[in-house]
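Notes follow once the structure below has been shown.
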Protein chains: 2
Amino acid sequence: MNNFKITLEYDGRDFAGWQRQSETAGRTVQGVLEEALSRICAHRVMVHGSGRTDAGVHARGQVASFVTESARTAAQIVQGANCLLPPDVAIIAAEAAPLDFHARFSAASKVYDYDFSISPVRKPLLNKRAWWVGPGLDWAEIEKALPHLLGEHDFAAFQSTGSETKSSVRTIYRAEMSEPGQGLKRLTLEGSGFLRHMVRAIAGILAEIGRGRRPAAALPEIIARADRSLSGPTAPPDGLYLARVIYEAEGLSNSKPIESFHAPQGNRLKAQR
Amino acid sequence: MNNFKITLEYDGRDFAGWQRQSETAGRTVQGVLEEALSRICAHRVMVHGSGRTDAGVHARGQVASFVTESARTAAQIVQGANCLLPPDVAIIAAEAAPLDFHARFSAASKVYDYDFSISPVRKPLLNKRAWWVGPGLDWAEIEKALPHLLGEHDFAAFQSTGSETKSSVRTIYRAEMSEPGQGLKRLTLEGSGFLRHMVRAIAGILAEIGRGRRPAAALPEIIARADRSLSGPTAPPDGLYLARVIYEAEGLSNSKPIESFHAPQGNRLKAQR
């Protein structure tokens with residue numbers, strides 16, 4: 001028995017989210033991944049993700065784990081699965097993990113990016129990749145709001161209505177803005193965990209603050225009132241990326257996973273005369 | 001009568017290229033653009049592009065011109081058309097032009113980018129956006145080949161077989177590599193004009209040189225022999241971007257077009273609870 005930790009990149013635009021659903025409900029990342037790994041391992045494989053991502057949400061570093069009786073190495077799994085997986089998802093790293101490693105329960109924290117496009121005009125090359133909010137937002141005011149997110153809070157104000165979780169208390173360790181180029185502003189949040197739609201609800205309230213509809217100083221009260229209906233719109237999934245899942249226990253590296261090096265397949269086949 | 005110069009961005013993945021075709025042949029950039037502009041101008045509009053782009057090829061700065069009897073301003077045209085155009089194409093700039101300005105005949109030069117993904121693993125977020133060649137190419141050798149492209153040459157060696165043009169002589173003014181991030185290597189070519197598939201054929205031979213299948217020093221002879229069958233594969237359209245079209249005459253700015261500033265429409269509508 002081997003337990004593998006795999007790291008995934010995907011473009012969420014054509015997926016009905018992470019979680020496997022009935023066949024009629026649409027194509028999911030977990031669904032196509034389990035299909036590919038089951039073929040590679042020659043038995044039915046069940047994959048555990050670090051958490052669900054919704055329809056349209058992307059990942060640069062989703063992590064999943066699975067147990068297999070196959071003797072294949074991590075490199076063989078990466079290479080084999082990536083030949084079978086569709087072009088919008090790939091395993092970007094894999095490593096053997098202790099048998100008690102579980103992508104969800106072993107996770108120490110998660111990092112999400114949310115990309116805002118601040119171009120004065122709609123940018124088709126950022127279609128489904130960022131939320132176009134335009135150039136008019138007050139980013140200095142938004143920066144002032146970020147420290148209010150840090151620490152342990154009941155984030156019920158940013159939880160999707162109808163969610164059922166035991167507790168809506170989460171801890172945010174990091175809340176930063178950066179400029180990754182292409183006319184983007186990127187919000188990065190690292191937290192112990194995130195409620196359903198929580199990052200998108202935070203992106204939504206930050207856009208409201210940037211537009212001057214609420215002051216940054218109102219954020220603590222919005223959090224404290226714990227009422228989703230008072231805390232603004234949910235930003236679209238287009239700009240959301242699960243950037244990284246961080247594990248501290250079980251001897252697994254806390255740093256960026258080592259990519260499995262292998263030459264791309266079929267470059268000659270793709271070329272045309 | 002007003003003549004407008006418009007600058008376009010598009011994601012080529014879902015277009016059957018620039019040029020309008022019969023309805024059964026697929027969706028084209030020219031087709032959706034003429035439809036939108038005809039509605040804005042309230043009469044049938046014919047658009048002239050600086051040149052065709054093939055199916056799957058992107059643009060950051062395609063230029064087109066059209067004559068209209070409408071009294072609408074450039075800003076009104078941008079705003080109106082962008083509301084009607086699909087999400088994968090937009091007008092990013094517009095300006096009034098002299099009546100004798102023609103996007104194709106007035107062009108002094110064109111700039112194309114070709115993006116190679118050198119990541120060791122397939123990157124789904126670069127799907128349809130770059131050519132995945134992997135990490136093994138010798139980029140120093142590729143750099144050595146670039147100066148051989150400069151100047152006036154008969155580029156028949158890089159012309160798509162079956163093309164019919166009067167002359168295959170073109171001048172390349174600039175041939176450079178850069179690293180725009182995301183694990184990309186970018187080839188930038190500026191030239192007086194480009195034959196059909198010429199940039200993709202050059203990207204293809206450069207990849208062959210990078211893989212050690214031909215030496216950089218062989219490039220002058222490959223060009224001189226003017227035989228498409230000897231000059232390697234054509235790279236896929238995924239990595240190709242029409243970056244900019246440069247005009248020197250008619251008082252039109254030679255610099256980056258000024259973007260028409262206006263707030264994005266419908267941000268509130270896109271937000272969900």
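The values are calculated or read from the model by the stated rules, or taken from the named source; none is laboratory data. This one's a predicted model, so the numbers in the text were calculated from it and none came from an experiment. With ideal geometry, Cβ positions are generated from the backbone for all residues, glycine too; neighbour counts draw on all protein chains shown.
A quick yes/no check of all residues on (1) in the same structural domain as residue A:198 (by TED's automatic domain parsing); (2) of a type outside the set (Ser, Thr, Tyr); (3) surrounded by 21 or more Cβ atoms within 10 Å (Cβ to Cβ):
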{"position": "A:6", "(1), (2), (3)": "no, yes, yes"}
{"position": "A:15", "(1), (2), (3)": "no, yes, yes"}
{"position": "A:22", "(1), (2), (3)": "no, no, no"}
{"position": "A:33", "(1), (2), (3)": "no, yes, yes"}
{"position": "A:43", "(1), (2), (3)": "no, yes, no"}
{"position": "A:71", "(1), (2), (3)": "no, yes, no"}
{"position": "A:81", "(1), (2), (3)": "no, yes, yes"}
{"position": "A:85", "(1), (2), (3)": "no, yes, yes"}
{"position": "A:88", "(1), (2), (3)": "no, yes, no"}
(request) Could you grab me the full set of residues in the stretch B:209-222 that are buried (at least 19 other Cβ atoms within 10 Å of the Cβ) and either in contact with a strand residue (DSSP E or B) (Cβ under 7 Å, 6 or more places away or on another chain) or more than 14 Å from residue B:155 (Cβ to Cβ) (or both)? (result) B:209, B:210, B:214, B:216
(request) Kindly indicate whether any position in the stretch A:80-90 is within 18 Å of residue B:127 (Cβ to Cβ), in a loop (DSSP other than H, G, I, E, B) and touching a Gly at 6+ places or on another chain (Cβ under 7 Å). (result) no
(message) of a type outside the set (Lys, Arg) and touching a helix residue (DSSP H, G or I) at 6+ places or on another chain (Cβ under 9 Å): is that true of residue B:81 in this structure?
(response) yes
(request) Go through (1) surrounded by fewer than 16 Cβ atoms within 10 Å (Cβ to Cβ); (2) closer than 29 Å to residue A:131 by Cβ; (3) not aliphatic (A, V, I, L, M) one by one and return the number of the condition residue A:54 breaks. (result) (1)
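Report, by residue number, each residue of the stretch B:1-40 that is assigned to a loop (DSSP other than H, G, I, E, B) and touching a residue at least 24 places away in the same chain (Cβ under 8 Å).
Residues satisfying the conditions are B:1, B:11, B:15, B:16, B:17, B:18, B:19, B:26.
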(request) Name, by its number, the condition in (1) assigned to a loop (DSSP other than H, G, I, E, B); (2) over 30 Å from residue B:106 (Cβ atoms) that does not hold for residue B:219. (result) (1)
(message) Just to be sure I understand, how many residues within the stretch B:153-186 are free of Cβ contacts under 8 Å to residues at least 24 places away in the same chain, exposed (fewer than 13 other Cβ atoms within 10 Å of the Cβ) and of a type outside the set (S, T, N, Q)?
(response) 5
(request) Quick one: residue A:43 ticks every box in (1) in a loop (DSSP other than H, G, I, E, B); (2) over 30 Å from residue A:234 (Cα atoms); (3) without any contact (Cβ under 8 Å) to a residue 24 or more places away in the chain except a single one, so which number is it? (result) (3)
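Could you please find all residues in the stretch B:172-197 being outside any strand (DSSP E or B) and within 14 Å of the chain's Cα centre (by Cα)?
Answer for the stretch B:172-197, where residues must be outside any strand (DSSP E or B) and within 14 Å of the chain's Cα centre (by Cα): B:192, B:193, B:194, B:195, B:196, B:197.
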(request) With the condition kept exactly as written, say whether any residue in the stretch B:64-74 is within 14 Å of chain A (Cβ to nearest Cβ) and farther than 29 Å from residue B:159 by Cβ. (result) yes
(request) Would you please name the residue that is farthest from the other protein chains (Cβ to nearest Cβ), looking only at residues in the stretch B:91-138 that are hydrophobic (A, V, I, L, M, F, W, C) and under 14 Å from the mean Cα position of the chain (by Cα)? (result) B:107
